[in-house]
Structure formats: structure tokens, C-alpha cells
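The values are calculated or read from the model by the stated rules, or taken from the named source; none is laboratory data. From a predicted model like this one, the values you see are computed outputs, not experimental measurements. Note: ideal-geometry Cβ built from the backbone for every residue, glycine included; neighbour counts use all protein chains shown. Note: accessible area is taken over every heavy atom of the protein model, side chains too, but ligands, DNA and RNA are not part of it. Shrake-Rupley method; radii C 1.70, N 1.55, O 1.52, S 1.80 Å.
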Amino acid sequence: MSEPITIRHLSPREAGEQIGALSSVLIDCVEGGASVSFMLPLTRERADAFWQGVADGVAAGERILLVAQDGFGEILGTVQVILKQPENQPHRADIAKMLVHRKARKKGLGAALMRAAEDAARRAGKTVLVLDTVTGGDAERLYERVGWTKSGIIPNYALWPQGGFCDTTVFYKQISGA
């Protein structure tokens, strides 16, 4: 990364205050073709409602929200660690919505967000992490590069934002405790 980037954990208050900035990243990713649960056109209202739900989850202690910010404080990327799991899986967490704005890609931001998410999960006492991503995309290659293990591919799992099926690859990573 050429410019200084800070990766940090947002408090519940900050998560609520940053909804607009987080929505901008999400909208940019969806408009760029990312299959991350939303269809085009993604309105600001739908994006804001999603991030309000995330902020509520942060406040409830169900998830950790990390952001990558440039030297001016602009949010360029984000990732979540979903802590709340079934009672027989207290050691597991899901990694979700690892998003990097198109203008900030290919600079190591995704890898830095993933390392920070793994560290946050480890500090929360988690030892098994799981995520899914579009098969064949840049994120799949990133997850392999940062040491995640491919578990399998599910055909026709989701839709692209503009429509049409896409396959999903499931990954996991064993991490040591804090």
C-alpha cells in the first residue's frame, strides 16, 4: 500500500456514525459487479438499512466491524467477523462482507483487512473461521494467497447483481487462540 492506511475496529457508536461511508463502499462494489447479497440497482436507502443492521449487531456484541481508512479518514474497505454462532460452535466465526472500493484495489488492502479480521477473531477466542465468495473472482485468489483452505464449490449458489447465477467457493481457516 503506497499511502498510509489504518485498519481499525469500529465501536457501536462509530458504526452508526459511519453508515453513509460504509454504504458508499457497498454501493461501489455492487455497481462494480460484486455478488455480495444485493441486486442492482442498490439504493442508498437499502444500503443504509443494511449497515444499520450491522451497527445494531456490533452494539449487541454479535459482530466485529473493521474498516480501512486512508490518511484523510475516508473508508476504503471493510470486513466483518460474525461472532454469534449456534451454541455447539462457540469456537467458530464467519468472515463476511469483505469489501474494498474499486479505487483502492490492488494495493494490499484486502489482505490487510483479512489479517486484521483473523486477529480480531483470535482475540475473541475463535479458532475456526469460515467464509464464502464468488468462484473465480479476485477475492477467491486473495483468500488462497492469505492461507485459507478451499472446502468446495456450490454451483448456482447466488445471483450476480445484474442477474444470472454464480457459483460460490467456501473457505475455512484454522487459527490459533490468543
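About its Cα centre, what dipole magnitude does the chain give when the only charges are +1 on Lys and Arg Cβ and -1 on Asp and Glu Cβ, stated in debye to the nearest 20? Show your work: numbers first, answer last.
Values: 21 positive and 20 negative charges, 91 e Å.
In debye, rounded to 20, the chain gives about 440.
Would you please give the FRET efficiency between K103 and F72, computed as 1/(1 + (r/R0)^6) with r the Cβ-Cβ distance and R0 = 22 Å, to the nearest 0.05? Write down the numbers at each step before the final one.
Numbers: r = 13 Å, r/R0 = 0.60.
Once rounded, the FRET efficiency stands at 0.95.
As a test of the formula, what do you get for the chain when each DSSP H run with n ≥ 4 contributes -39,500 (n - 2.57) and the sum is divided by the residue count, at 222 nm and rounded to the nearest 500 deg cm²/dmol? Could the numbers behind the result be given before it?
Working: 5 runs with 58 residues, N = 178.
Taking each H run of at least 4 residues, the total per residue is -10000 deg cm²/dmol.
Hey, can you grab everything whose amide H is under 5 Å from the amide H of M98? Only 5+ residues off in sequence or another chain; H modelled, so Pro and N-termini drop out.
The list, which skips near neighbours in sequence, is Q80.
How much of the accessible area of the chain, probe 1.4 Å, is carbon plus sulfur, in whole percent?
52 percent
How much length, in nm to one decimal, is gained on full extension between A111 and E45, taken as 0.36 nm per residue of separation minus their Cα-Cα distance?
Details: separation 66, 0.36 × 66 = 23.76 nm, distance 2.95 nm.
Taking 0.36 nm per residue and subtracting the Cα distance, the gain is 20.8 nm.
Taking only the alpha-carbon atoms of region 39-140, what semi-axes of the equivalent ellipsoid follow from 5 times the gyration tensor eigenvalues under a square root, in whole Å, largest first?
22, 17, 15
Once you treat every alpha carbon in the chain as an equal point and sum by Debye, what is log10 I(q)/I(0) at q = 0.11, 0.18, 0.19, 0.20 Å⁻¹?
The Cα Debye sum returns log10 ratios of -0.44, -1.30, -1.45, -1.58.
Please report the relative contact order for region 1-121, taking Cα pairs under 8 Å with a sequence separation of at least 6, and give it as a percent rounded to a whole number.
Working: 190 pairs, mean separation 35.1, N = 121.
Relative contact order, region 1-121: 29 percent.
Label-point separation (nm) for D119 and E87, each offset 7 Å from Cα along Cα-to-Cβ?
3.5 nm
Quick check: pseudo-label points 7 Å beyond the Cα along Cα→Cβ at T127 and Q174, how many nm apart are they?
Here the answer is 0.9 nm between the modelled labels.
Placing +1 on the Cβ of each Lys and Arg and -1 on the Cβ of each Asp and Glu in the chain, which of I64, S24, L42 has its Cα farthest towards the positive end of the resulting dipole?
I64
Using Cα-only point scatterers and the Debye equation, what is log10 of I(q)/I(0) for region 19-70 at each q in 0.32 Å⁻¹, rounded to two decimals?
The Debye formula, applied to the Cα set alone, gives -1.23.
Go ahead and set up a Gaussian network model of the chain, Cα springs under 10 Å, then flag whichever of S23, S37, S11 fluctuates most.
Of S23, S37, S11, the Gaussian network model singles out S37 as fluctuating most.
Select from G71, G61, G53 the residue whose mean-square fluctuation is largest in a Gaussian network model of the chain (Cα-Cα springs shorter than 10 Å).
Residue with maximal mean-square fluctuation among G71, G61, G53: G71.
Can you tell me the length gained on complete extension of the stretch D56 to T6, counting 0.36 nm per residue apart and subtracting the Cα distance?
Roughly 15.7 nm would be gained on extension.
Treating only the Cβ atoms of Lys and Arg (+1) and Asp and Glu (-1) as charged, compute the dipole magnitude of region 109-164 about its Cα centre; round to the nearest 20 debye.
In debye, rounded to 20, region 109-164 gives about 220.
Give me the accessible area per residue for region 1-151, probe 1.4 Å, as a whole number in Å².
47 Å²
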